[in-house]
1. May I ask you to compute the full-extension gain from Thr24 to Asp167, defined as 0.36 nm times their residue separation minus their alpha-carbon distance, rounded to one decimal in nm?
2. Mind giving me the FRET efficiency for Ala39 and Arg77? R0 is 25 Å, r the Cβ-Cβ distance, nearest 0.05 is fine.
3. What list of whole percents do you get for P(r) of the stretch 19-98, with Cα-Cα distances grouped in 10 Å bins up to the one holding the largest distance?
4. How about the stretch 42-86: which trypsin sites (Lys or Arg not before Pro) there lie in a loop by DSSP and see at most 16 other Cβ atoms within 10 Å?
5. Assuming a ≥ b ≥ c are the square roots of the Cα gyration tensor eigenvalues, decide whether the stretch 104-173 counts as rounded (a/c under 1.5), prolate (otherwise, with a/b larger than b/c) or oblate.
6. Could you please report the charge total around Ala152, scoring K, R as +1 and D, E as -1 over all other residues with beta-carbon less than 10 angstrom from its beta-carbon?
Amino acid sequence: MGRKRGDEDTDEVVRDRPTHDEKTEDSRRAQVLSRALVAMRPVEWPFLGVDEIVVEALRIYAGIPKGRNIALQRQLRRVQVLILTEDLDALEAAMGAAGKGHTERQDQALALERERVRIVEGGKEAEAAFVDAHPGTDRQRLRQLAGHARKAKGEAAAKRANRKLMDLLREAAGLA
């Protein structure tokens, strides 16, 4: 609200709106955060505690072809505006934790990667242990993909086989 002329006897200034400097600082923070968000992997976005509309705006940004610079800039500005409605401190903390590998999802992904290695190296016993831990797993598909990963010749074939096996493990664990 501020002071009015003739209110010299009132020493307090009541502010119900942020100052110009505070708005500018929030805008800059939103700009930095939005650029960091679009640089992150899309699977991490839903776990940052932001509204679904922000996640959807990020997905739209990711879907724009790289040569469409004006469209990318426009969508990035939209993300910045949407981020201004969020708690910027909480978002920074969540992004910092995600960047350091401290999110629950990343811990689960690392555990699944160790499980994948165990299945490829351990054979049928490791496959059975995974199926016991995750009863909804398609046993035949797991056995087939694990066999492909063991027998893959060449770097490209091994990568493809391990990626398909990892996708199945993620799906079975509910992380897909």
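Where a number appears in this text, it was derived from the coordinates with a stated rule and is not lab data. Nothing here was measured: the structure is a model prediction, and the numbers come from that model. As a convention, Cβ positions derive from the backbone with ideal geometry for all residues, glycine included, and neighbour counts pool all protein chains shown.
1. Values: separation 143, 0.36 × 143 = 51.48 nm, distance 4.36 nm.
That pair, Thr24 and Asp167, stretches by 47.1 nm at full extension.
2. Values: r = 16 Å, r/R0 = 0.65.
The computed FRET efficiency comes out at 0.95.
3. Reading the bins upward from 0: 18, 55, 24, 3.
4. Working: sites: Arg59, Lys66, Arg68, Arg74, Arg77, Arg78; in loops: Lys66, Arg68.
Within the stretch 42-86, the qualifying trypsin sites (Lys or Arg not before Pro) (loop, at most 16 other Cβ atoms within 10 Å) are Lys66, Arg68.
5. Oblate shape, in that a/c is at least 1.5 and b/c is the bigger or equal ratio.
6. Working: positive: Arg150, Lys151, Lys153, Lys159, Arg160; negative: Glu155.
Local charge sum for Ala152: +4.
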